[in-house]
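**Student:** To start, I am sharing the structure in question, which I have written as structure tokens.
Computed from the coordinates by the stated procedures, all read-outs in this text should not be read as laboratory data. Remember, predicted model here, so these are calculated numbers, not experimental data. Here the Cβ positions follow ideal geometry from the backbone for every residue, glycine too, while neighbour counts run over all protein chains shown.
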Amino acid sequence: MQGLSTAPAERNQMAATWLAEFGDALQHGEYARTAAMMHPDGYWRDLLTFGWIFKNVHGIDAIRAWLFQAVGSHAPHAFRLDGEPFAGAIGEHRATLNFFFTFETATALARGFVRLVEDPVARGPMKAFTVLTAMHELKAFREPVGRRRPREDMRAVSGEVENWLDRRSQAREFKDKDPDVIVIGGGQSGLMLAARLGQLNVSTLVVEKTDRIGDVWRYRYRSLKLHNEICMNHFAYMPFPDTWPVYIPKDKLANWLEFYAESMEVNVWTKTTFLGAEYDKAQGRWAARLQLADGSIKIMRPAHIAVAVGVSGLPNIPAIPGQNDFAGPIVHSNGRIDKLDVTGKSLLVVGAGTSAHDIAQELHARGAEVTMLQRSSITVVSLEPSSVRPYELYRQNDGIRPIEDTDLMAASVPYSLLARLHKPLSRQMAEEDKDLLDGLRRVGFLLDNGEDDTGYFLKLLRRQAGYYLNVGASDLIIAGKIKLKAGVDIERLARKKVIFSDGTALEADIIVLATGYKPLHEAVRAMFGNDVADRVGPIWGIGDDGELCAMYARTAQEGLYFSGGGIPGARAYSRYTALLIKAALEGLIPASEATAESTPARSRESERRKRSEPVT
Ligand SMILES: Cc1cc2nc3c(=O)[nH]c(=O)nc-3n(C[C@H](O)[C@H](O)[C@H](O)COP(=O)(O)OP(=O)(O)OC[C@H]3O[C@@H](n4cnc5c(N)ncnc54)[C@H](O)[C@@H]3O)c2cc1C
């Protein structure tokens, strides 16, 4: 059996030989030969190169069938190694040969990433355990970046009356024309998508309802810092400065968002709320209603709308019997917690997700007597060593390769494989966190390891809720400094009292509802109506096709896209959303593929998610 050589020249030779054969087979339509180069347990993920969708396929037979059906007219060719092959490991494959490659299709310049492993049955060439093929740029609309950055003919333009500032102001105004794209929400997702669309010369307006870009972070509780490390949180085109801390404080990030929008020349209207829109299929345009800063309503007609309103935009505020009798304030976690006078007060935090923990910790530090009400179990992991394990890839490659490359490596692992890998990994994390978890169990804290035993990271990817990375609140709970009431609900409120479903009661002055947000689907229903919401179907959650439902890709509603979530996902996948929108505007997507495959009701998980508890 051919082993994995450590000598760079040999690795190079092995990768080059494999890629030459792979490229030749694909280029000549010999898909059985291509599929035979995969490991029997191999995975192939394709992001827009062989169809205008995200696709993942597992196993030789399925890959062969998909290649026969999908590749033909895309005419892949010009396969080339991209950089030095390197050694790696994934799951039970302790020695893999990894390499990037580039190739072209009829319309696109594409990139790929492969992990080769030893042939399990025969003495022969290595087999691919994972293959990623991903569109990088549209050939006809390349981004003017790096060495292709815009260059003016200084002599020709020196006599012009208008300067850069005049042109920026005009572009931002949209005085006599409508944008091709409206992005709802000027958070990190909306801004990165708009920045990418700008690079593709797509006229784009971001509408943001708050007074200033970044307010969404400014108004979150004071102690908040990003919970994962800076190495995975860089923004598209603009990595953070080397001087920045590992965990970014929320106000620093808020100011960065403003700075990013300015630097990337993103057109943002603040104090502008997107109210709703109707789609005119004949015109291929939306009629979007915007409420402007002065309260007036403006109708704009973009061809595409991207919803980037965060987890949902609609806080989940449960109705509690007796809430009108309660003497003190009842505040949702997205409200102004910093304005509450809490010193010496008894305070109940309802919920046990990340926000609940962070708020409980902050209010305890500000001198409140805090009790946390935990209604259902969550996953808890230590910040280190455990929480960082799932993104070890980003830590290892930090400063070694461009983050775009690490994003490709991450994207090459489909969610089904990720879930497989996270079962043993999350068990190992729980073992390492034994003291922490035992301590929590001792005080009655309800713990789980995810519904399919895959730990916090899959929860994060699927629904961004149901976990806590311990930045100190767990220690306070174990020490009894934050009190815990677990496994019960609120029966009713009295003037200064919370009565629980087990008959016990708590004297309370203030209640904070860290009860999360309604599913995004409900915000879509409110903004776009029942028809569109039903057509789009579930959002977030992993569908039966093994991809996130409705996120970043085309949806079953023409001209409607969703972007959101953590910074890494928004950074990596905004590229593909922007390419899809550009391709649609340029007429590159055949009419037969005008909308995505119907997404509704395709996932048991997402259906459950649609019905189930809010995201926290
Ligand atoms: C406590 C907490 C900690 C987190 N920590 C991390 C972390 O460490 N790393 C990480 O990657 N992610 C983290 N996240 C998750 C995620 O990155 C953030 O939630 C992030 O804010 C999501 O960005 P977004 O752009 O999708 O949405 P948001 O930041 O929520 O932005 C949405 C924007 O849309 C605007 N908007 C909403 N509705 C409308 C409307 N109708 N019209 C106009 N504007 C509208 C809002 O005002 C807001 O500015 C954290 C989230 C929370 C809550």
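**Student:** Listed highest first by mean packing, meaning other Cβ atoms within 10 Å per residue, what order do 562-568, 253-259, 422-428, 280-286 come in?
**Tutor:** 562-568, 253-259, 422-428, 280-286
**Student:** Now a separate question. Hey, fewest Cβ within 10 Å first, where do Ser412, Ser263, Ser189 land in order?
**Tutor:** Ser263, Ser412, Ser189
**Student:** Can you put Trp18, Trp244, Trp44 in order of Cβ neighbours within 10 angstrom, beginning with the fewest?
**Tutor:** If I rank by nearby Cβ atoms, fewest first, I get Trp244, Trp18, Trp44.
**Student:** Would you kindly compute the Cα radius of gyration of the chain and its largest Cα-Cα separation (Dmax), both in Å?
**Tutor:** When restricted to the Cα atoms of the chain, Rg and Dmax are 25.6, 82 Å.
**Student:** Quick one: net charge around Ala15, please, counting Lys, Arg +1 and Asp, Glu -1 for every other residue with C-beta under 12 Å from its C-beta.
**Tutor:** With Lys, Arg at +1 and Asp, Glu at -1, the net is -1.
**Student:** Identify all lysines with a Cα-Cα distance to Lys434 below 23 Å; exclude those on the same chain that are fewer than 8 residues away in sequence.
**Tutor:** Lys423, Lys459, Lys481, Lys483, Lys485
**Student:** How would you rank 60-67, 121-128, highest first, on the average number of other Cβ atoms within 10 Å across their residues?
**Tutor:** So the peptides 60-67, 121-128, ranked by packing, come out 60-67, 121-128.
**Student:** To the nearest Å, what is the center-to-center distance of region 301-331 and region 366-380, using C-alpha atoms only?
**Tutor:** 21
**Student:** For helix 567-585, report the angle its Cα long axis makes with the longest principal axis of the Cα atoms of the chain; keep it between 0 and 90° and round to the nearest 10°.
**Tutor:** 60
**Student:** When a footprinting reagent is the concern and you count Cβ atoms within 10 Å, what order do Val498, Val488 take, fewest first?
**Tutor:** Fewest-to-most ranking of Val498, Val488: Val488, Val498.
**Student:** For Arg111, what is the net charge nearby, where nearby means another residue's Cβ is under 10 Å from its Cβ and Lys, Arg count +1, Asp, Glu -1?
**Tutor:** For residues surrounding Arg111, the net value is -4.
**Student:** Under 30 Å between alpha carbons, and skipping anything fewer than 8 positions from Lys281 in its own chain: which lysines qualify?
**Tutor:** Leaving aside lysines fewer than 8 places away in the same chain, those within reach of Lys281 are Lys55, Lys139, Lys175, Lys177, Lys209, Lys271, Lys298, Lys518, Lys582, Lys610.
**Student:** Here is a follow-up. When the helix-only estimate is applied to the chain (DSSP H runs of n ≥ 4, each -39,500 (n - 2.57), divided by the residue count), what is the mean residue ellipticity at 222 nm, nearest 500 deg cm²/dmol?
**Tutor:** After summing the helix terms and dividing by residue count, I get -9500 deg cm²/dmol.
**Student:** Within 10 Å, count the other beta carbons around each residue, average over each peptide in 390-400, 348-358, 218-228, and list them highest first.
**Tutor:** Result, highest mean first: 348-358, 218-228, 390-400.
**Student:** Work through the residues other than Val207 whose Cβ is under 15 Å from its Cβ and net out their charges, Lys, Arg +1 and Asp, Glu -1.
**Tutor:** Computed value for this residue: 0.
**Student:** Let me know the shape class of region 99-230, please: from the alpha-carbon gyration tensor, a ≥ b ≥ c as square roots of the eigenvalues, rounded when a/c is under 1.5, otherwise prolate if a/b is greater than b/c, or oblate.
**Tutor:** Oblate.
**Student:** Further question: On C-alpha positions alone, give me the angle between the axis of helix 520-536 and the longest principal axis of the chain, in degrees, nearest 10.
**Tutor:** 50
**Student:** Once each part is reduced to its C-alpha centroid, what is the distance from region 518-533 to region 28-44 in angstrom?
**Tutor:** If we compute the Cα centre of each part, the gap is 41 Å.
**Student:** Kindly write out, for region 31-41 in residue order, the coupling ³J(HN,Hα) from the Karplus curve 6.51 cos²θ - 1.76 cosθ + 1.60 (θ = phi - 60°), rounded to whole Hz, with x marking Gly and Pro.
**Tutor:** 6, 5, 5, 4, 4, 5, 7, 8, 5, x, 9
**Student:** OK, next. FRET efficiency for Gln323 and Ala293, Cβ-Cβ distance as r, R0 = 56 Å, nearest 0.05?
**Tutor:** Efficiency computed from Cβ-Cβ geometry: 0.95.
**Student:** Now for a different question. Please list 3J(HN,Hα) in residue order for region 367-380, calculated via the Karplus relation 6.51 cos²θ - 1.76 cosθ + 1.60 where θ = phi - 60°; whole Hz, with x for glycine and proline.
**Tutor:** Coupling constants for region 367-380: x, 8, 8, 9, 10, 9, 9, 9, 8, 9, 6, 9, 9, 10 Hz.
**Student:** While we're here: How large is the charge dipole for the chain, taken about the Cα centre, if only the Cβ atoms of Lys, Arg (+1) and Asp, Glu (-1) carry charge, to the nearest 20 debye?
**Tutor:** 840
**Student:** Can you list residues from other chains, or at least 5 along the same chain, whose modelled amide H is less than 5 Å from the amide H of Val380?
**Tutor:** Placed amide hydrogens put Asp448, Tyr468 under 5 Å from Val380.
**Student:** If you don't mind, another one. Roughly how many debye, to the nearest 20, is the charge dipole of region 387-488 about its Cα centre, given +1 on each Lys and Arg Cβ, -1 on each Asp and Glu Cβ, and no other charges?
**Tutor:** Once rounded to the nearest 20, the dipole reads 440 debye.
**Student:** I would also like to ask the following. Under 14 Å Cα-Cα from Lys127, which aspartates and glutamates qualify once same-chain neighbours fewer than 8 residues away are excluded?
**Tutor:** Those aspartates and glutamates meeting the cut-off are Glu21, Asp41, Glu118, Asp119.
**Student:** Compute the acute angle (0 to 90°) between the alpha-carbon long axis of helix 250-263 and the principal axis of greatest extent of the alpha-carbon atoms of the chain; round to the nearest 10°.
**Tutor:** For helix 250-263, the angle is close to 40 degrees.
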